1. For the range 142-189, how many residues meet the condition of being touching a Phe, Trp or Tyr at 6+ places or on another chain (Cβ under 6 Å) and assigned to a helix (DSSP H, G or I)?
2. Does ALA246 count as at pLDDT 95 or above and assigned to a loop (DSSP other than H, G, I, E, B)?
Amino acid sequence: MNDPDQPSRPDDAHETTQPIAPQAQPGQPGPQVSPSWLPPSPPPAIPPPAPWAGFPPPGTQPMPVEPAHRAPARPRVSGWVWPLVASVALVVGVIGGVAGSVAYDELRTDTPGTTPGGLADVDTVSLPPLSDDAAGSVAKVAQEVLPSTVQISAALDGQDGGATGSGFVLDRQGHIVTNNHVVESAAEDDGLIEVVDQDGNRYEATVVGRSPVYDLAVLYAEDATGLKPASLGSSKRLRVGEGVVAIGSPLGLSSTVTSGIVSSLNRPVTTGESDDQSSYINAVQTDAAINPGNSGGPLVDLRGQVVGVNSAIATTGGGTFSGEAGNIGVGFAIPVEQVIVTADQILKTGESSYPVIGAQVQTGVRDGTGAEISKVLGDSPAEDAGLEKGDVIIAVEGERVTDGIALIVSIRTRQPGQTIEFTYLRDGDERTTDITLDGETG
């Protein structure tokens, strides 16, 4: 059963508004706006000018006028005529009002906002469509990256095809990057692993190397040398709110494309059922839909470059990070920088290494006060640096550490052999020490 404080992996289930246009002048068509929603007309920026007094308005010239002429006197009208004219006018006015009211009642309906002339009585707008292949569109990204994305079918507990996931083509030599948890069972049992390209062609693959610590694996499909490699980008250039695209085979549905934004960066996340099996990720968080089967597939920016490997999702249920599997808009991807480092190590040696300091920390306390050391191993970098049990590490290289998971993630973004400054508290006193990171395989 999953830890309630951990995100589940996607494969654990196996598998410019326009202002209202001014009214048209007689004889001129009015500007067109959308009939579905009309924003309120903005107030005038300045009040109308006051009438000009004593002088012609600017831009006009005084015009000569004709001399006045006295008009001839008009014949007088008898006094009885005026009452008769007034009576006739009153009758005509009443008849006209009644007729107008009847006509209006015939034309109007009981639904507010309707108009007798339909679209002919309202102003509409027609904008040119977006280009189908506009650079930076999701469609363009999909066109570029789909040929580089594959579906992975792997044996699980001895059953061929029991686990499905995704991956992407790393090079023209047939190397594929995916998650370790997609192929872990097949690798341990020497089970069948197959790679399926966009056209449905199947290629048998072998495992070059795996990293349970970073949840990454590199496969080799000898006959898949003609596949198009994906372009690798940089997660460090990403900004929160920037658009991204997830590509893969959720629920076995190959060549599926979903899109969203970068929700957060450098999110410390751990996945797995126990500390021994956990992968610690300095993740890119996205709301692009990620579901079981997306694991190992690429997370791509709108330049069409891979910025991460989709690896885990938060789900509903008993806790924030556990329960019924399925997308709720909280997904996590391994940054491509870590993918490059790990893949390079595996291609060189078949193994991956990760940095350690030789100390254990509490991971269940998340009160934001730092990472408390629970044990210091003998003959370790931590012991050499003078760290002791009970010390609370609060920063690494000046960057705040909130808890044990954040500390592990911060360390694992470094490389063995690097010397790092640690800031810690002992008996309320703040201290610093430098530690040269050791390395282990995994």
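1. Residues flagged as touching a Phe, Trp or Tyr at 6+ places or on another chain (Cβ under 6 Å) and assigned to a helix (DSSP H, G or I) within the range 142-189 amount to 1.
2. Numbers: at pLDDT 95 or above: yes; assigned to a loop (DSSP other than H, G, I, E, B): no.
So ALA246 does not fit the description; no.
Residue-wise test of (1) of a type in the set (D, E, K, R); (2) assigned by TED's automatic domain parsing to the domain that holds ILE152; (3) part of a loop (DSSP other than H, G, I, E, B).
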residue	(1), (2), (3)
GLY191	no, yes, yes
GLN198	no, yes, yes
TYR203	no, yes, no
VAL207	no, yes, no
ARG210	yes, yes, no
TYR214	no, yes, yes
ALA217	no, yes, no
ASP223	yes, yes, yes
LYS228	yes, yes, yes
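The values are calculated or read from the model by the stated rules, or taken from the named source; none is laboratory data. From a predicted model like this one, the values you see are computed outputs, not experimental measurements. Glycine also receives a Cβ, built like all others from the backbone with ideal geometry; neighbour counts cover every protein chain displayed.
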